[in-house]
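Below you'll find the structure, written out as structure tokens, and then a few comments.
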Amino acid sequence: MVSATKRSGGRTAAGANPGPGRDHGAWFLVLPALIPILVLSVGPLLYGIALAFTDAQSGRTRSTRWVGTLNFQDLLHDTLFWESFRIGLVWALGVTVPQFLLALGLALLLDQNLRLRRLARALAIVPWAMPEVVVGIMWRLVYNADAGILNETVRDLGLGDGHDWLGGPATALAAVVVVGVWAGMPQTTVALLAGLQNTPRELHEAAALDGAGAWRRFRTVTWPALRPVALAITALNFVWNLNSFALVYVLTNGGPGGRTRLPMLFAYEEAFRYGQFGYAAAMGCVLVAAVSVLLAFHLVGRLKGDRDR
């Protein structure tokens, strides 16, 4: 009896404290997912940070020297870069806020028991399925000054002779923002719709029995349940929009006169048009630092909210 009890206790202890062999087995299972992240994400990031402290330029015969923080010192006085950063913030806010509001309205609509609801949900994610380059080309045709559908509609309605929407300094950024909202709204809609469907229907029914109207039910039942999803998707959208490149590059290439030159476009031009790889890498580091600060504020806010609940 004693020996059996000891053997049983030994098996329990062994099950409670996995040996080093099991830890090695777990790492072996994680490696297939970890290696691509290290090679394709962490490695290039570290290389880019190191490049920011050099004078790396294009050309095979040019030698690369360590210059310390010289690129960052030059960047502090580069008014063109900070102007592009300001434009990037305007773009990110101008896209993220309407994107969320319109997606919230669409998600609330698609959450209703409507006819052809599944078809409507499928059509709502069509822009999300299109590559950004295709979206940019399509909207360039819409905005075309001579034969674009927008100007043709303006002329048919007798509202004028049309306008060069992407080429006009006063309208270029607004026109690009409209495209950004249209292209990014589906993913926000899907996330919010998933949050709505996870809200217990019993809470809505109880609030309705208590006499709560639609707005009160949204404020007291829907929004508290949807708030974590809304904050997360809004933060991600802002980061994605701040780092936008392909859509604006296809639409305006940063023009006219730099009115739509986002920070990533500015860094791209410095690297691949002017060959200043080290300086462009310093710009990338500044953008990474800005995004990291924004994400840190978001995470701190989420943790405080969780503790308050």
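The values are calculated or read from the model by the stated rules, or taken from the named source; none is laboratory data. Remember, predicted model here, so these are calculated numbers, not experimental data. Cβ: placed from backbone, ideal geometry, glycine included. Neighbour counts: every protein chain shown. With ligands, DNA and RNA removed, areas are computed over all heavy atoms of the protein, side chains included. Shrake-Rupley method; radii C 1.70, N 1.55, O 1.52, S 1.80 Å.
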Amide H contacts of THR54 (H built 1.01 Å from N, under 5 Å, at least 5 apart or other chain): VAL67
query: Using the alpha-carbon centroid of each, what span in Å lies between segment 195-228 and segment 89-154?
result: 27
message: What does the extension gain come out to for ILE35 and THR64, with contour length at 0.36 nm per residue minus their alpha carbon separation?
response: 7.5 nm
message: Let me see the P(r) profile for segment 95-203: every Cα-Cα distance counted, bins of 10 Å, each bin given as a percent of all pairs.
response: 14, 34, 29, 17, 5, 1
statement: Mean accessible area per residue over the chain (1.4 angstrom probe, all protein chains present, square angstrom) is 62
message: Over segment 108-228, what is the relative contact order in percent, taking alpha-carbon pairs closer than 8 angstrom and at least six residues apart?
response: 23
message: Using a 1.4 Å probe on the protein heavy atoms, what percent of the accessible area of segment 46-168 belongs to carbon and sulfur?
response: 64
Pairwise Cα inverse-distance average, inverted: Kirkwood Rh of the chain (Å): 23.9
query: So how much slack lies between GLU83 and ALA170, counting 0.36 nm per residue of separation and subtracting their Cα-Cα distance, in nm?
result: 29.7 nm
message: Can you give me the convex hull volume of the Cα atoms of segment 147-263, divided per residue and expressed in Å³?
response: 152
Square roots of 5 times each gyration tensor eigenvalue, C-alpha, segment 55-135, largest first, Å: 47, 18, 9
- prompt: How many nm is it between the label spots at ARG227 and LEU46, if each spot is 7 Å from the Cα in line with the beta carbon?
  reply: 4.1
- request: Work out, step by step, the length gained on full extension between GLU205 and ARG115: first 0.36 nm times the residue separation, then minus their alpha carbon distance; give nm to one decimal.
  value: 30.2 nm
message: Over 5 Å intervals from 0, what percent of Cα-Cα pairs in segment 152-200 sits in each interval?
response: 5, 17, 12, 15, 14, 10, 8, 8, 6, 3, 0
